[in-house]
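First comes the structure, then the notes that go with it.
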Protein chains: 2
Amino acid sequence: MTPRPQIVIVGAGFGGLFAARTLANQAVDVIIIDRHNYHTFTPLLYQVATAGLDPSEIAYPVRAIFRHTPNVQPLMGEVEAIDTIGRRVIVQASGETRAIPYDYLILAAGSVSHHFGLATVAERSLGLKDLPEAVALRNHILRQFERAAWSDDPASRTAATTLVVVGGGPTGLETAGALHELVSRILEQEYSRLERPITARVILVEAADHLLAPYPAPLQQAALDQLRSLGVEVVLGDPVVEAGADAIRLKSGRVIPTRTLIWSAGVKASPLAVVLGVPLAPGGRVPVRPTLEVPGLPGVYVVGDMAYVEDERGPYPMVIPVAKQQGILAARNILRRIRGEQPQPFRYRDRGMMATLGRSRAVAWLYNRIPLRGYVAWVAWLVLHLLWLMGFRNRLNVLVNWVWNYFTYDRAVRIILEHNRAGRASPSRRTPIVPVEQAVEETEIQRIA
Amino acid sequence: MTPRPQIVIVGAGFGGLFAARTLANQAVDVIIIDRHNYHTFTPLLYQVATAGLDPSEIAYPVRAIFRHTPNVQPLMGEVEAIDTIGRRVIVQASGETRAIPYDYLILAAGSVSHHFGLATVAERSLGLKDLPEAVALRNHILRQFERAAWSDDPASRTAATTLVVVGGGPTGLETAGALHELVSRILEQEYSRLERPITARVILVEAADHLLAPYPAPLQQAALDQLRSLGVEVVLGDPVVEAGADAIRLKSGRVIPTRTLIWSAGVKASPLAVVLGVPLAPGGRVPVRPTLEVPGLPGVYVVGDMAYVEDERGPYPMVIPVAKQQGILAARNILRRIRGEQPQPFRYRDRGMMATLGRSRAVAWLYNRIPLRGYVAWVAWLVLHLLWLMGFRNRLNVLVNWVWNYFTYDRAVRIILEHNRAGRASPSRRTPIVPVEQAVEETEIQRIA
């Protein structure tokens, strides 16, 4: 028996996952590598960050997806290098370095935050690109309110309760809307005390003069109006240039006191792109042929946010539908190559775009022809995302949470959960023996009411 | 207006929580301090560790519990010292040291794992005492199976897929039962490959000759039979004496290859007990009067696992009902003192005990008179725990998960979620540039099927 062709997929995001699904039960062996053991439903990351959903409700174990697909083997590990001459992917997995040979390779490692060279912003901002980041953001926000509730310094309270979201794209708008609901409906009440009321602010900062760049102007205006009607402060045409511990500075010189800078203003291709050793396109993306193959590297395909491919309107955007469709096409083109057929070029079936801005507020631009706004757009968003979420149990729990949150304005997942180091027991609680005299130096005496 | 008495409660477990509830809307000011911002429903921690429930489903924000109770203020922080002369609690909170004055103090900081001086066990075992530990255990177990799925070394695979639970109390039995179902119904299938099948073992080790020490012998035997019928291996009368990286050793000399040692064999009072400066009772507990006051420290009460108080049958056990009832009594006794009334002594209303051993298996000893076993006991356990869980939304989601798990044997929360450091953005993914020649040294070439 001749060995079957081995296909390695790097990344279990939408591009990699749909490539693997396309190759399921075909006469090939597939290894799908990801740093996590789960696929993340990234459109709802902002709901994890704003305490509306549990992490596992938007994460699905890769092994569960391919449980009945013996020709697809998941491997949890970090890709360290790609040997395009020896055709091997070098992976760190379970503390060992492994070389995984491939006949065909699909790179689908997605994108990372892009801070446009702003070092202080890169250092101090919180991202929203994966589940650990979303949980870290949730913990961070709740910590700020804990701090504000007990601080005697008004300036410190203001910085702790001012939340800044940077970026006027769908993620920025969704995050700002959900944050505003969280703070105005829950946190302000729970953290306020009679003598120390908490008033929080959510500020959205966008460098351009309008939100949602690719939308037609009336929908951009509708998004702006809906966001402001909610209570979100929107700053347009004034990019962030610097971030400090307690404040950020905009280009105009305006200073906003804040300890929470959420970055959703830009992404670039995963740094994994560099290991291919080919010249990169704008955004650090790998230029590929319309068939998604890398010129000069036979058998190597790049899809999704990492791939740079144009049609007559320019490069394809870094969005999920492009990644899904490219993942499927790359897999089909590999099967075509194996059968000796001609590969097909990528054609994007664009169904349009939508963004939600909080409770009952959304905009949509279906098929880039039909504009929707307000309640109708919001219901469409809800139904689509629910259908889209994989796995019956996940859908059911998300629905329970959404219905509950909608009617009660509650946010059940308001826990600050910090994890110990993996795979090792937590150290015992340290014995808290501090000489009393020393510990109380420089403290403030408090008494409530 | 004279200031109202200020009561500080340390710990938002069952003892502290029920004390605070008793003091809600009374003419006192209450500050309840906990390291976490949530109360943990500890009886279901093992279900988080075995991927059956999400952390937030058994955690409830303390501020949400006291949202409509302005005289109770939660403070998230670590108690560092107690100045019993100046009547102040010294707390590290939000990076600052604070001194919180008290007129009355209720110490309810619970217990920690007790390893009986076994240094290697303390270092290598995984606990199940709080939510971060439960999530760390879940991550650890899933990592072992990831490792086993790809390892070429049979000894390494065996150590990775052998899970040892130490302790024949309710937590040990519940954990062993749930683990066995997780590995036999889910992980063995998902991680097996044709040429490398995974066969996992779950071993329960107990130092005594029987399980569930306080139960009558027929119920101890019923628990043992049910556990073995499930497939759990039970080792009796042979305590763990040493733990290494890949194996543990029992007193008999028997060596069990394993990388997962789950410790539920013993607890002792929180080390916070030492800061009171009084001589401690067995288990590091603080001896208190029947009124729960500490002799010589007027106004200081200790409740729950930290408190040592006896009736004619000996010291009260470290269990939740005792903690709840003591928390309520301490609060009432403080109110009595304020009103100039006589405090009351503690009398335990003991409703009995129950332990579940996995699907449709349990034992119960209601009111220490009525024995139940098997399906009936299991249904009783299920209903009681569901009613007991606080908050409608938690109950609903837990029910959804339980029903789903029951019929499908699924475990939805099988994600390895490791968090970044709190309050700081995650570092950007490091650029994975490793010279290929160097990276592939000492690797093994793999090819599936």
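Values quoted throughout were computed directly from the atomic coordinates according to the rules given, and no laboratory measurement underlies them. Because the structure is predicted, anything quoted here is derived from the model rather than measured. Here the Cβ positions follow ideal geometry from the backbone for every residue, glycine too, while neighbour counts run over all protein chains shown.
See the values below:
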{"quantity": "Euclidean distance between Cα centres, region A:126-164 to region A:20-52, Å", "calculated": "29 Å"}
{"quantity": "Electrostatic dipole magnitude of the protein assembly as shown [Cβ: Lys, Arg +1; Asp, Glu -1; Cα centre; debye, to 20]", "calculated": "1720 debye"}
{"quantity": "Sequence of B:210, A:140 once ranked by neighbouring C-beta atoms within 10 Å, starting from the fewest", "calculated": "B:210, A:140"}
{"quantity": "Dipole-positive endmost among B:236, A:224, A:116 within the protein assembly as shown (Cβ charges, Cα centre)", "calculated": "A:224"}
{"quantity": "Fraction of beta bridges assigned by DSSP in chain B that are antiparallel (%, nearest 5)", "calculated": "55 percent"}
{"quantity": "Other-chain or far-sequence residues with amide H under 5 Å of residue A:39's (modelled H)", "calculated": "A:60, A:62"}
{"quantity": "Shielding by partners, peptide A:58-68 (average Cβ within 10 angstrom, other chains)", "calculated": "4"}
{"quantity": "Prolate/oblate/rounded call for the protein assembly as shown, Cα gyration tensor, a/c under 1.5 rounded", "calculated": "oblate"}
{"quantity": "DSSP bridge orientation in region A:119-265 - percent antiparallel, rounded to nearest 5", "calculated": "35 percent"}
{"quantity": "Shielding by other protein chains, B:164-170, mean Cβ within 10 Å", "calculated": "0"}
{"quantity": "Region B:267-355: C-alpha gyration tensor shape, a/c 1.5 cut-off, then a/b vs b/c", "calculated": "oblate"}
{"quantity": "Nearest-ten-degree value, helix A:217-230 long axis tilted from longest Cα axis of chain A", "calculated": "40 degrees"}
{"quantity": "Gyration tensor verdict on region B:40-81 (Cα atoms; rounded if a/c is under 1.5, prolate if a/b is larger than b/c, oblate otherwise)", "calculated": "oblate"}
{"quantity": "Label point 7 Å beyond Cα along the C-beta direction, distances from residue B:289 to other copies (nm, shortest first)", "calculated": "8.9"}
{"quantity": "Degrees separating the helix B:374-388 axis from the principal Cα axis of chain B, which is the longest one", "calculated": "50 degrees"}
{"quantity": "Relative contact order (%) - chain B, alpha-carbon pairs under 8 angstrom, separation at least six", "calculated": "18 percent"}
{"quantity": "Charge-dipole axis of the protein assembly as shown as Lys and Arg at +1 and Asp and Glu at -1 on Cβ define it, positive-most pick from B:352, B:166, A:9", "calculated": "B:352"}
{"quantity": "Cβ neighbours within 10 Å from other chains - mean over B:134-142", "calculated": "4"}
{"quantity": "7 Å along Cα→Cβ, label-point gaps from residue A:70 to other copies, nm, shortest first", "calculated": "6.9"}
{"quantity": "Sequence-separation-based contact order of region A:119-265, relative, with Cα cut under 8 Å and 6+ spacing, percent", "calculated": "33 percent"}
{"quantity": "Net charge, residue B:311 excluded, C-beta distance under 11 Å - Lys, Arg +1, Asp, Glu -1", "calculated": "-1"}
{"quantity": "Shortest-first nm distances, residue A:214 label point to equivalent points in other copies (7 Å, Cα→Cβ)", "calculated": "6.3"}
{"quantity": "Kirkwood Rh in Å, taken over chain B so that all alpha-carbon pairs contribute", "calculated": "23.8 Å"}
{"quantity": "Of all DSSP beta bridges in the protein assembly as shown, antiparallel share, percent nearest 5", "calculated": "50 percent"}
{"quantity": "Nearest 10 degrees, 0 to 90: helix B:14-23 Cα axis against chain B principal axis", "calculated": "30 degrees"}
